[in-house]
Amino acid sequence: MTPSLSRRHFALALPSALLVSGCAAPHQGTGRPGDPVVLTLLSHYASGELKKALQKPVDEWNALHDRVKVRTKAVEFTDLLTTFMVRQAAGQGTDILHPYCLWNGQLVRAGVLRPAPPEHAEEIGRGYGAAAAGSASVAGRVYGYPTEMQTYALYYNRRLLREAGVHGPPRTWPELEEAAYRTARQDRYGNTLVQGFGLSAFDDSTTVGQTLALLNAAGGRFVSADGRRTAIDSPAGRTVFELERRLVDKGASAPGVNVYQAFASGQVAMVISAGWWTANLKALMGPAYRDVGVAPVPLPGAGGRRATLSTGFMLGVNTASRHPDEAWEFLRWLNTEKVRGTTRMSALQASVGSLTGRADDMRRLLGAGGDPNLRPFLDALAYAVPEPNVPGAQQAKSLLRKNIEALWTGQQTVDEALRATRRQVDQEVARSW
């Protein structure tokens with residue numbers, strides 16, 4: 001989760017009771033000949049820079065097209081999935097949806113998402129990296145255009161590492177542990193002053209995201225390839241849980257601390273998080289941002305194969321849309337047509353400090369004086385593993401978080417946490433099929 005309501009989908013907010021319309025848009029068509037088709041697009045880009053960034057290409061489309069117009073609607077991210085499902089059940093589903101890819105299996109199973117037509121599926125397969133295309137797919141079938149893509153990497157504070165005699169970011173887990181223990185500091189009462197490695201029980205995406213990034217780096221997976229059982233109770237899963245437990249037991253990590261605030265204030269030496277955070281840190285830290293570096297997620301040992309976690313969003317078309325061809329054409333225009341060498345969606349994401357799954361677009365955009373701390377996240381698009389999006393994925397993620405936190409707080413041993421996760425997640429994903 002982010003510390004700023006102006007940025008990002010993981011911000012906590014009070015649930016919205018009402019759907020909020022976007023900027024002024026064309027009136028709803030009356031159905032008379034010659035009246036324009038009005039497509040509705042529902043997203044979580046509800047305020048601030050995200051709302052403005054999306055509205056810009058929508059306004060451009062509306063100025064260029066007389067027959068088909070687009071109107072944006074938005075809710076806070078915390079209400080987005082519920083809104084999709086409730087509106088669909090009430091027969092009020094919007095034409096175009098912007099879901100978190102974790103939910104895709106659930107939305108497909110509920111009959112909300114329409115499969116991409118063959119020509120669009122082929123374009124998505126050609127134009128995006130494997131992680132992005134995988135996030136937008138369920139059981140091998142493509143359901144939309146990937147938009148925002150987030151990969152996970154290691155943020156570190158150069159000053160804190162340097163002061164502890166650590167020269168450069170760790171590349172392996174032994175180096176990570178050594179750096180974490182050397183940079184951690186407590187006062188005489190045992191209160192944490194500096195976390196060496198920031199484990200955070202802040203929300204699902206923080207707790208689970210950093211753990212799955214380490215799991216993927218160890219060659220493990222959370223859910224099996226067929227999506228019907230958990231795979232975390234494995235040697236790789238054990239090594240991750242043991243690493244995190246040691247960091248807590250030895251005082252290098254304090255999961256009760258808000259890592260987003262603590263890192264920005266120089267109280268965390270290292271933490272694994274996603275690329276969206278760079279824009280927040282730059283705004284929060286001011287000149288101190290020069291101390292922030294980003295490196296790939298460390299591997300268990302030297303010479304291993306890189307891997308990390310990726311999460312994402314996509315734009316897809318509702319099964320209930322009366323104008324699916326027009327909706328897909330708008331999405332093609334937004335996500336594939338190039339303007340000054342990049343797609344409109346890539347330019348949109350770059351404007352708010354994020355990435356898309358189009359690595360060629362992002363290299364071009366970042367090459368024009370972009371933040372160098374985004375480059376490790378861009379490089380990770382080539383080896384990231386998409387977050388599993390089986391039908392029960394959201395609940396499975398919440399169950400994993402509960403057991404990770406029980407491990408960190410000493411309520412469960414490593415063995416107990418692995419067994420409990422396997423039993424609970426297996427039951428959830430089996431019920432969802």
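The values are calculated or read from the model by the stated rules, or taken from the named source; none is laboratory data. The structure presented is a predicted model; accordingly, all values stated were derived computationally and were not measured. All Cβ positions, glycine included, derive from the backbone under ideal geometry; neighbour counts span all protein chains shown. Side chains are part of the model used for accessible areas, which takes the heavy atoms of the whole protein and leaves out ligands, DNA and RNA. Shrake-Rupley method; radii C 1.70, N 1.55, O 1.52, S 1.80 Å.
For this structure, a couple of remarks:
- Just so you know, in segment 403-433 the residues that are without any contact (Cβ under 8 Å) to a residue 12 or more places away in the chain and in a helix (DSSP H, G or I) include one that is surrounded by the fewest Cβ atoms within 10 Å (Cβ to Cβ), and it is ASP415.
- Residues (in contact with a Lys or Arg (Cβ under 9 Å, 6 or more places away or on another chain), open to solvent by less than 20 Å² (accessible area, probe 1.4 Å) and in a helix (DSSP H, G or I)) located in segment 343-361: MET345, SER346, LEU348, ASP361
- Among residues of segment 201-219, those that are among the small types (Gly, Ala, Ser), assigned to a helix (DSSP H, G or I) and more than 23 Å from GLY256 (Cβ to Cβ), counted: 1
- Within segment 136-143, at least one residue is touching a strand residue (DSSP E or B) at 6+ places or on another chain (Cβ under 6 Å) and open to solvent by less than 10 Å² (accessible area, probe 1.4 Å).
- The residues of segment 351-366 that are within 15 Å of the chain's Cα centre (by Cα) and closer than 20 Å to ALA133 by Cβ, listed by number, are SER354, LEU355, THR356, GLY357.
- Among the residues making up segment 211-221, those that are in contact (Cβ under 8 Å) with a residue 40 or more places away in the chain, surrounded by fewer than 24 Cβ atoms within 10 Å (Cβ to Cβ) and among the small types (Gly, Ala, Ser) are ALA218, GLY219.
- Residue match in segment 234-241 (condition: under 24 Å from LEU161 (Cα atoms), of a type in the set (A, V, I, L, M) and open to solvent by 20 Å² or more (accessible area, probe 1.4 Å)): no
- Some residue of segment 201-210 being under 13 Å from ALA269 (Cβ atoms) and either open to solvent by 10 Å² or more (accessible area, probe 1.4 Å) or among the acidic types (Asp, Glu) (or both): no
- Comparison of TYR181, TYR152 shows that the only residue that is farther than 18 Å from SER273 by Cβ, surrounded by 15 or more Cβ atoms within 10 Å (Cβ to Cβ) and out of contact with any Pro (no Cβ under 9 Å at 6 or more places or on another chain) is TYR181.
- Condition met for LEU366 (closer than 17 Å to THR278 by Cα and surrounded by fewer than 22 Cβ atoms within 10 Å (Cβ to Cβ)): yes
- Segment 391-402, subset closer than 15 Å to GLU244 by Cβ and out of contact with any Asp or Glu (no Cβ under 8 Å at 6 or more places or on another chain), residue most open to solvent (accessible area, probe 1.4 Å): LYS402
- Counting the residues of segment 274-299 that are part of a loop (DSSP other than H, G, I, E, B) and either of a type in the set (Gly, Ala, Ser) or more than 30 Å from ALA136 (Cβ to Cβ) (or both) gives 1.
- With respect to the conditions (1) within 29 Å of GLY227 (Cβ to Cβ); (2) open to solvent by 30 Å² or more (accessible area, probe 1.4 Å), GLY105 falls short on a single one, namely (2).
- Qualifying residues in segment 314-337 (those that are assigned to a helix (DSSP H, G or I) and closer than 20 Å to MET362 by Cβ) - the one most open to solvent (accessible area, probe 1.4 Å): ARG332
- Per the conditions (1) open to solvent by 30 Å² or more (accessible area, probe 1.4 Å); (2) under 30 Å from ASN373 (Cβ atoms); (3) of a type outside the set (D, E, K, R); (4) touching a Ser or Thr at 6+ places or on another chain (Cβ under 9 Å), the sole criterion not satisfied by GLY111 is (2).
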